[in-house]
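Every read-out reported here was derived from the displayed coordinates using simple, explicitly stated rules and does not represent laboratory data. The shown structure was predicted, so the numbers you read here are calculated from the model rather than taken from an experiment. Note that we place each Cβ from the backbone using ideal geometry, even for glycine, and neighbour counts take in every protein chain shown.
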Amino acid sequence: MKLDDFNNIDFKNAGSLPMPVKLVLLGILAIVLIGLGYWFLWSPAIDDLNQAKAKEQELRQTFVTKKAQAIKVDAYKQQMIDIEKTFGALLKQLPDKSQMDGLLTDINQAGLGRGLEFDLFKPGQETVADFYAEMPIQIKIKGNYHDVGAFATDISKLSRIVTLNDLNIAPLNKDTKDSILTMEATAKTYRYLDSSEVAAKKAAELQAKKK
């Protein structure tokens with residue numbers, strides 16, 4: 001097979017071409033057909049295949065995540081039960097509206113029981129939150145060092161939640177060396193809202209949004 005064999009090809013008489021020339025032409029034709037097939041047929045199919053593989057991987061990952069969540073669902077349920085129990089226990093430490101007077105008396109008695117003198121015991125205005133109300137109580141007491149400390153301890157041990165804030169402790173008389181102190185503080189106690197108060201709060205919030 002010579003180069004002249006390709007220069008003098010007569011495609012009208014392709015059947016009479018030498019066999020080597022035929023094989024080369026068939027090879028070129030095959031390469032052209034493969035190239036066209038790849039460009040117009042296989043390339044889009046390969047792109048679709050790659051997208052399908054990516055989607056499959058995404059679905060597999062979603063499945064693994066959902067499966068892990070499903071395995072942990074019992075643990076989540078138990079956690080919710082534990083949270084509800086803890087919340088219920090804390091809620092029981094909040095008095096309702098009818099018990100607030102008794103709680104204020106308990107705070108007062110905690111001081112008197114330690115021999116302290118109250119110069120001020122003034123409940124303030126309630127602040128309403130989502131399901132509870134906070135009441136500040138301005139107090140000013142005087143007594144010896146140990147009794148003041150014992151009073152603070154007694155407050156922390158009440159069955160209801162009471163906190164002492166903004167503490168200010170100072171000697172009653174700076175010119176003497178006695179152990180009498182004065183303590184000013186804001187005691188904060190909390191109560192839960194009853195159903196009528198919650199309903200009224202929600203109605204007020206809804207009305208405010210409409211405005």
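Can you tell me the order of 145-153, 164-172 when each peptide is scored by its average per-residue count of other Cβ atoms within 10 angstrom, highest first? Numbers along the way, then the final one.
Details: 145-153: 15.9, 164-172: 11.9.
Per-residue mean Cβ counts within 10 Å order the peptides as 145-153, 164-172.
Report the calculated FRET efficiency for Gln99 and Lys210 (r = Cβ-Cβ distance, R0 = 35 Å), to the nearest 0.05.
After rounding, the FRET efficiency stands at 0.50.
Extension gain Glu184-Gln69, at 0.36 nm per residue separation less the Cα-Cα distance, in nm?
The Glu184-Gln69 span can extend by a further 36.2 nm.
Radius of gyration and Dmax for the stretch 97-193's Cα atoms, expressed in Å?
When restricted to the Cα atoms of the stretch 97-193, Rg and Dmax are 14.1, 49 Å.
Determine, for each peptide in 68-81, 105-118, the mean count of other beta carbons within 10 angstrom over its residues, then list the peptides with the highest first.
Values: 68-81: 9.7, 105-118: 15.7.
Answer by packing, highest mean first, reads 105-118, 68-81.
Gain in length, Asp194 to Ile169, computed as 0.36 nm per residue apart minus the alpha-carbon separation, to one decimal in nm? List each step's numbers first, then the result.
Working: separation 25, 0.36 × 25 = 9.00 nm, distance 3.67 nm.
Full extension of this stretch gives 5.3 nm more.
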